[in-house]
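The values are calculated or read from the model by the stated rules, or taken from the named source; none is laboratory data. The structure displayed is predicted, hence computed values, not measured ones. Heads up, the Cβs are rebuilt from the backbone with ideal geometry, glycines too, and the neighbour counts pull from every protein chain shown.
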Amino acid sequence: MDIATQAIEGGFADPVFDAQTVFRAVMDAMARPGTLQPLPVFARPPAPLSATAGAIALALCDNDTPLWLDLVLQPPAAIKSWLGFHTGAPLANTPADAHFALIATPAEMMALDGFSQGTQDYPDRSTTLILQVSDLVSGAPLLLEGPGIETTATIAPAQMPRHFVEQWKQNNQRFPRGVDIILATPEGVACLPRTTRIKTMEA
Amino acid sequence: MTAQPTDIATYNFAYLDEQTKRMIRRAILKGIAIPGYQVPFASREMPMPYGWGTGGVQVTASIIGPDDVLKVIDQGADDTTNAVSIRAFFKKVANVAVTTETAKATIIQTRHRIPEHPLTAGQVLVYQVPIPEPLRFLEPRETETRKMHALEEYGLMHVKLYEDIARHGRIATTYAYPVKVEGRYVMDPSPTPKFDNPKMHRSPALQLFGAGREKRIYALPPFTDVVSLDFEDHPFEVQTFDQPCALCAAENVYLDEVILDDHGGYMFVCSDTDHCEKRREQGHRGHLAPESPLEKTEPAQ
């Protein structure tokens with residue numbers, strides 16, 4: 001399949017309702033951190049961009065939201081043209097300019113503080129990170145608490161960034177500034193908003 | 001093109017265009033991530049005047065899907081002009097199911113009340129907010145209030161509450177009573193009676209606030225700490241009523257005073273009409289309840 005065809009195919013079959021379904025899953029995941037909100041396959045983006053991460057980009061990104069792609073997603077021209085055709089989102093020059101960042105290999109990603117943190121006056125002007133992970137059970141377990149969680153929640157996302165717990169503590173300390181994370185798994189989405197605290201698990 | 005299951009046009013399902021919905025949806029996500037912080041958004045003109053709930057309508061329009069069940073209340077009532085109009089609006093533009101029953105709704109748009117029936121996980125409460133900035137009447141400049149929120153400088157609000165005590169002997173604020181969210185942002189709960197403030201604290205439902213004219217969206221995720229501001233020697237108290245609802249005899253609910261005649265007659269009835277009707281169906285009767293059993297009426301459209 002040539003690049004032009006790859007760029008055009010694989011978008012939402014039913015743009016209005018698919019976008020609404022994806023958004024509601026992300027909203028519920030953001031409101032209840034640590035829960036997996038299931039999502040069917042709505043988008044077929046070119047590899048290695050995952051179906052879930054691609055669907056989130058289609059639901060939330062447009063010409064107002066500069067996108068940053070990680071080192072794995074940057075080289076394939078098909079991904080840029082697919083995102084460009086379906087969302088119209090420009091690519092951010094630096095991670096600090098990005099409204100959304102698509103990360104295919106979180107284990108090798110740059111530090112969280114390299115992305116836009118927002119300002120103390122406008123903490124909403126920060127980057128939302130969309131991390132592709134294979135599941136929420138096979139990684140190091142994270143014990144979560146904070147708004148949206150009744151007592152505690154536990155997830156164990158695979159392929160998380162290096163020193164993630166330490167980096168996330170620093171992200172918490174920057175509140176109200178900081179980044180928010182959307183974890184895109186093949187089954188659905190889970191979120192870590194900046195208010196979620198990770199309690200270190202005793203071995 | 002294949003035929004859609006519904007006969008309404010889907011390119012502008014729920015009135016708003018897709019780009020507007022994406023913009024509002026992004027603001028909602030930021031609002032949830034920063035509880036109590038007012039996220040600016042590009043509020044649109046809606047087919048109703050500012051002050052009639054354009055902010056709440058835009059939030060509802062951005063989150064609603066074909067499977068949702070919508071309830072709209074205006075001061076607790078399902079059958080007042082604002083509530084009926086907004087419910088009819090969404091029936092027309094989104095073809096969604098509507099209800100007056102709190103327990104059956106997935107989205108409840110409200111103007112200034114929280115239903116008496118406890119909300120559950122999975123429900124979304126959407127508030128119509130006139131003035132989202134709790135500090136606005138104390139400091140009119142947006143540049144200053146923004147700085148005050150950034151620096152967590154809320155002394156002015158405590159001075160205001162203190163002046164209430166100095167003047168009236170108690171905190172005289174009875175609605176739009178300021179709250180602190182997760183120990184950080186001071187937030188206006190919209191002009192709900194302070195009676196409803198405790199219901200916001202650690203509610204299992206997601207609460208979204210939309211202010212159309214002022215172009216702000218803010219949010220409270222479920223199980224978020226919402227504390228009404230007070231002083232140790234003047235703790236926060238909610239309104240109490242010395243008589244039960246005249247129709248359903250409910251106690252510990254918010255009551256409206258209704259004038260009955262030209263001779264000073266009045267009664268106190270539940271502000272939450274759904275709650276009151278449910279109780280009367282269950283056989284609860286207040287001292288002014290009609291003799292004949294409540295007739296089953298058609299729910300307002």
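Some points to look at:
- Each residue in the stretch B:188-228 was checked for being closer than 11 Å to B:ILE114 by Cα and in a strand (DSSP E or B), and 2 of them qualify.
Conditions tested, residue by residue: (1) basic (Lys, Arg); (2) within 27 Å of B:TYR254 (Cβ to Cβ).
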| residue | (1), (2) |
| --- | --- |
| B:ILE131 | no, yes |
| B:GLU142 | no, no |
| B:ARG146 | yes, no |
| B:ALA166 | no, no |
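- Within the stretch B:139-180, being within 13 Å of another protein chain (Cβ to nearest Cβ) and acidic (Asp, Glu) holds for B:GLU142, B:GLU144, B:GLU152, B:GLU153.
- For the stretch A:136-153, the criterion of a residue being facing another protein chain (nearest Cβ under 10 Å), within 30 Å of B:ARG146 (Cα to Cα) and of a type in the set (Val, Ile, Thr) is satisfied by at least one position.
- Residue within the stretch B:211-221 that is within 20 Å of B:ALA121 (Cα to Cα), touching a helix residue (DSSP H, G or I) at 6+ places or on another chain (Cβ under 8 Å) and hydroxyl-bearing (Ser, Thr, Tyr) present: yes
- Counting the residues of the stretch B:18-40 that are of a type in the set (S, T, N, Q) and at the interface with chain A (Cβ under 7 Å from one of its Cβ atoms) gives 1.
- Residue that is surrounded by the fewest Cβ atoms within 10 Å (Cβ to Cβ), among those in the stretch B:116-138 that are within 14 Å of another protein chain (Cβ to nearest Cβ) and outside any loop (DSSP other than H, G, I, E, B): B:LEU125
- Taking the criterion of being within 14 Å of chain B (Cβ to nearest Cβ), in contact with an Asp or Glu (Cβ under 8 Å, 6 or more places away or on another chain) and surrounded by fewer than 22 Cβ atoms within 10 Å (Cβ to Cβ), the only residue of the stretch A:175-203 that qualifies is A:ARG197.
- Qualifying residue in the stretch A:158-174 (condition: modelled with pLDDT of 95 or more, in contact with a helix residue (DSSP H, G or I) (Cβ under 9 Å, 6 or more places away or on another chain) and loosely packed, with under 15 Cβ neighbours inside 10 Å): yes
- Filter result (of a type in the set (A, V, I, L, M), surrounded by fewer than 20 Cβ atoms within 10 Å (Cβ to Cβ) and in contact (Cβ under 8 Å) with a residue 24 or more places away in the chain) within the stretch A:1-35: A:ILE3, A:ALA4, A:ILE8, A:ALA13
- Residue match in the stretch B:230-253 (condition: out of contact with any helix residue (DSSP H, G or I) (no Cβ under 6 Å at 6 or more places or on another chain), within 30 Å of A:PRO193 (Cα to Cα) and either surrounded by fewer than 19 Cβ atoms within 10 Å (Cβ to Cβ) or at pLDDT below 95 (or both)): yes
- The number of residues in the stretch B:128-186 that are touching a residue at least 40 places away in the same chain (Cβ under 8 Å) and of a type in the set (A, V, I, L, M, F, W, C) comes to 11.
- Selection of the stretch B:91-115 for residues being within 14 Å of chain A (Cβ to nearest Cβ) and either acidic (Asp, Glu) or outside any loop (DSSP other than H, G, I, E, B) (or both) yields B:VAL93, B:ALA94, B:ILE107.
- Looking only at residues in the stretch A:14-41 that are in a loop (DSSP other than H, G, I, E, B) and farther than 16 Å from A:GLN132 by Cβ, the one that is farthest from the other protein chains (Cβ to nearest Cβ) is A:PRO40.
- Once the stretch A:121-135 is narrowed to residues that are surrounded by fewer than 16 Cβ atoms within 10 Å (Cβ to Cβ) and either touching a residue at least 12 places away in the same chain (Cβ under 8 Å) or basic (Lys, Arg) (or both), the residue that is nearest to the other protein chains (Cβ to nearest Cβ) is A:ARG125.
A quick yes/no check of all residues on (1) farther than 23 Å from A:ASP64 by Cα; (2) in contact with a helix residue (DSSP H, G or I) (Cβ under 8 Å, 6 or more places away or on another chain):
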residue: A:GLU108; (1), (2): yes, no
residue: A:THR128; (1), (2): no, yes
residue: A:SER134; (1), (2): yes, no
residue: A:LEU143; (1), (2): yes, no
residue: A:ALA156; (1), (2): yes, no
residue: A:ARG177; (1), (2): no, no
residue: A:PRO186; (1), (2): yes, yes
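- Breaking point among (1) over 28 Å from B:ALA94 (Cα atoms); (2) assigned to a loop (DSSP other than H, G, I, E, B); (3) away from every other protein chain (no Cβ under 14 Å), for A:ARG44: (1)
- Any chance B:GLY56 is more than 12 Å from every other protein chain (Cβ to nearest Cβ) and either part of a helix (DSSP H, G or I) or not hydrophobic (A, V, I, L, M, F, W, C) (or both): yes
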